[in-house]
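> What follows is a structure written as structure tokens; I'll ask about it next.
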Amino acid sequence: MALAYSGGLDTTVAIHWLRNKFNAEVITVTVDVGQDDDFEEIERRAYATGASKHVYVDAKSGFANGPVAMAIMANALYEDKYPLGTALARPLIAEKVIEVARREGCDAVAHGSTSKGNDQVRFNETLMALAPDIAIIEPAKIWGMDRASEIDYAKKHGIPIPSIHSRFSIDDNLWSRSIEGREIDDPLAEVPEDAFKWTVSPESVREPLILDIEFREGLPVAINGEKMDLVGIITTLNRVVGAHGFGRVDHVENRVVGFKSREVYEAPAALTLIEAHRDLEKLVYTPLEYRFKRVVDQTWTDLVYQGLWHEPLREELESLVRAMNRWVSGKVRVKVLGGLAILGRESPYASYSKELVDYVGGWYPSEEEARGFIKMHTMHSLTAFRARRKVVTP
Ligand code: ARG
């Protein structure tokens with residue numbers, strides 16, 4: 001069988017447990033979506049624990065240019081806050097694991113999801129869509145071990161325990177770092193500073209950072225005039241924006257699985273790019289486009305969060321999102337200083353006219369034109385208002 005292998009304690013114990021329980025060969029598959037990990041060490045750990053083969057898949061560029069690019073164009077923030085890093089990566093990870101499973105002739109795929117998270121839904125949905133003939137095995141739902149018993153199990157069987165593990169449950173990739181569990185489960189408790197890794201405390205920042213972010217057809221292509229690919233832009237922004245104290249999210253999130261959880265994230269690049277992109281869209285779009293797109297964006301974001309990656313509406317919405325982003329080119333200037341401020345923006349497709357807005361010397365409707373407009377613009381409302389108040393029209 002193929003095991004989606006993160007290299008953490010759960011999936012490391014799983015290698016050994018699966019071999020014992022099913023008397024099967026375990027092929028570990030680690031999909032690199034930009035997480036902060038030592039992939040050579042992960043490979044060594046897999047073999048040391050009994051993997052018959054380990055496969056590393058570099059999916060960074062596919063992740064950035066696929067799901068993440070769409071998330072930028074769709075301004076994807078679940079419940080206005082969470083940039084969806086984990087939710088975007090799970091279907092791709094599952095897809096890559098299936099590819100390896102097929103190549104190696106596996107009849108089962110295993111992954112480490114528990115029965116309380118959203119990730120089980122995302123993983124299984126993709127497996128059910130693309131590999132209905134392959135069995136799904138979820139050891140963490142069967143063995144009933146907690147962290148302490150996993151460590152006992154590892155010690156008993158001589159399994160190498162991952163050295164650096166945070167006391168929180170962490171899931172990270174290019175797009176966001178999620179921090180869950182322990183004292184953070186109390187929604188009133190302030191998140192301890194040592195939970196953060198990508199961002200410094202906003203209060204500690206003195207020097208502002210000014211960035212010009214250039215977009216072409218909805219996607220960032222350069223920072224301060226320097227052209228970079230999407231992976232480069234995201235990693236650069238995570239570093240420099242995080243170092244200037246912006247990129248933290250703390251909210252109570254409505255999970256798919258029926259309860260709320262307190263969720264903390266770090267996502268300096270994601271939050272910066274989405275804020276800038278949304279600003280540029282507002283410069284370019286008509287009010288109708290702008291308002292309609294918010295509905296489209298939110299629908300796309302919700303279905304991705306909910307693990308419905310293969311819901312047909314996703315691709316239909318994406319065609320529209322792509323089409324509307326054809327006009328989202330230009331530049332946004334931002335300032336980062338323990339927060340983010342937009343300083344200015346420009347676009348060749350701006351539907352903004354200085355001539356129209358200018359009070360001195362620009363276009364001016366005459367008194368008559370303005371009165372006529374206001375009269376007809378308010379007519380529906382005021383006719384109803386008068387009827388209901390029984391006010392006699394003069
Ligand atoms: N709450 C986020 C989500 O549902 C983050 C999940 C993090 N996953 C994890 N296995 N630690 O997408």
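> Against the definition (within 16 Å of Y78 (Cβ to Cβ), surrounded by fewer than 21 Cβ atoms within 10 Å (Cβ to Cβ) and either more than 16 Å from the ligand (Cβ to nearest atom) or free of Cβ contacts under 8 Å to residues at least 40 places away in the same chain (or both)), how does V295 come out, yes or no?
yes
> Then there is this: Among (1) within 16 Å of the ligand (Cβ to nearest atom); (2) without any contact (Cβ under 8 Å) to a residue 60 or more places away in the chain; (3) in a helix (DSSP H, G or I), which single condition is A87 missing?
Of the numbered conditions (1) within 16 Å of the ligand (Cβ to nearest atom); (2) without any contact (Cβ under 8 Å) to a residue 60 or more places away in the chain; (3) in a helix (DSSP H, G or I), the odd one out for A87 is (2).
> So which of V241, V191, V200, V231 ends up being within 16 Å of the ligand (Cβ to nearest atom) and closer than 28 Å to H165 by Cα?
Being within 16 Å of the ligand (Cβ to nearest atom) and closer than 28 Å to H165 by Cα holds for just one of V241, V191, V200, V231, which is V191.
> Would you pick out the residues in region 324-349 that are more than 20 Å from L211 (Cβ to Cβ) and crowded, with 17+ Cβ neighbours inside 10 Å?
Across region 324-349, the qualifying residues are M324, N325, W327.
> So, in region 301-311, exactly how many residues are in contact with an Asp or Glu (Cβ under 7 Å, 6 or more places away or on another chain) and not in a loop (DSSP other than H, G, I, E, B)?
Selection size over region 301-311: 1.
> Moving to a separate point now. Give just the number: which of (1) within 30 Å of R326 (Cβ to Cβ); (2) free of Cβ contacts under 8 Å to residues at least 40 places away in the same chain; (3) not basic (K, R) does A64 not satisfy?
All conditions pass for A64, except number (2).
> If you take the residues in region 147-188 that are away from the ligand (no atom under 13 Å from the Cβ) and among the polar types (S, T, N, Q), which one is nearest to T49 (Cα to Cα)?
S163
> Go through region 92-109 and report how many residues are within 16 Å of the ligand (Cβ to nearest atom) and either surrounded by fewer than 24 Cβ atoms within 10 Å (Cβ to Cβ) or in a loop (DSSP other than H, G, I, E, B) (or both).
Residues flagged as within 16 Å of the ligand (Cβ to nearest atom) and either surrounded by fewer than 24 Cβ atoms within 10 Å (Cβ to Cβ) or in a loop (DSSP other than H, G, I, E, B) (or both) within region 92-109 amount to 1.
> Still on this structure, I have one more. For region 1-76, which fully contained helices (runs of 4 or more DSSP H) count at least 3 residues that are among the aliphatic types (A, V, I, L, M) and closer than 20 Å to D229 by Cα?
69-73
> Let me ask another. Go over the candidates V256, V252, V241 one by one and state the one that is touching a Gly at 6+ places or on another chain (Cβ under 7 Å) and farther than 19 Å from V68 by Cα.
The unique qualifying residue is V256.
> Further question: Step by step: first the residues of region 145-154, then only those that are closer than 23 Å to D36 by Cβ and among the charged types (D, E, K, R), then the one that is surrounded by the fewest Cβ atoms within 10 Å (Cβ to Cβ). Which residue is that?
Checking each candidate, the answer is R147.
> Out of the residues in region 247-287 that are aliphatic (A, V, I, L, M) and more than 27 Å from R333 (Cβ to Cβ), which is surrounded by the most Cβ atoms within 10 Å (Cβ to Cβ)?
Among those residues, the one meeting the criterion is V264.
> Mind listing just one residue for me: the one in region 155-193 that is farther than 24 Å from S261 by Cα and touching a helix residue (DSSP H, G or I) at 6+ places or on another chain (Cβ under 6 Å) and, of those, surrounded by the most Cβ atoms within 10 Å (Cβ to Cβ)?
Looking at the filtered set, the residue picked out is I159.
> List pairs: first in region 110-121 and in contact (Cβ under 8 Å) with a residue 12 or more places away in the chain, second β-branched (V, I, T) and near the ligand (Cβ under 9 Å from one of its atoms), Cβ under 6 Å, 6+ apart or cross-chain?
Going by the 6 Å Cβ cut-off, the qualifying pairs are N118/V256; V121/V256.
> Still on this structure, please answer the following. Determine if region 126-134 includes at least one residue that is within 15 Å of the ligand (Cβ to nearest atom), buried (at least 16 other Cβ atoms within 10 Å of the Cβ) and at pLDDT 95 or above.
Checking region 126-134: at least one residue is within 15 Å of the ligand (Cβ to nearest atom), buried (at least 16 other Cβ atoms within 10 Å of the Cβ) and at pLDDT 95 or above.
> Is it fair to say Y305 is out of contact with any His (no Cβ under 8 Å at 6 or more places or on another chain) and free of Cβ contacts under 8 Å to residues at least 40 places away in the same chain?
Here the answer is no, as Y305 does not meet what is asked.
> Cβ-Cβ under 9 Å, sequence separation 6+ or interchain: first residue in region 325-342 and more than 20 Å from T286 (Cα to Cα), partner among the charged types (D, E, K, R) and assigned to a loop (DSSP other than H, G, I, E, B). Which pairs?
L337/R206; L337/E207
> Restricting attention to region 8-56, which residues are under 22 Å from E95 (Cα atoms), surrounded by fewer than 18 Cβ atoms within 10 Å (Cβ to Cβ) and not charged (D, E, K, R)?
Once the filter is applied, which keeps residues that are under 22 Å from E95 (Cα atoms), surrounded by fewer than 18 Cβ atoms within 10 Å (Cβ to Cβ) and not charged (D, E, K, R), region 8-56 yields A24, F39, S52, Y56.
> Would you confirm whether any residue within region 106-127 is more than 29 Å from F259 (Cα to Cα) and among the small types (G, A, S)?
yes
The values are calculated or read from the model by the stated rules, or taken from the named source; none is laboratory data. Just so it is clear, the model here is predicted, and its values are computed rather than measured. Neighbour counts are summed over all protein chains in view; Cβ atoms, including those assigned to glycine, are modelled from backbone coordinates with ideal geometry.
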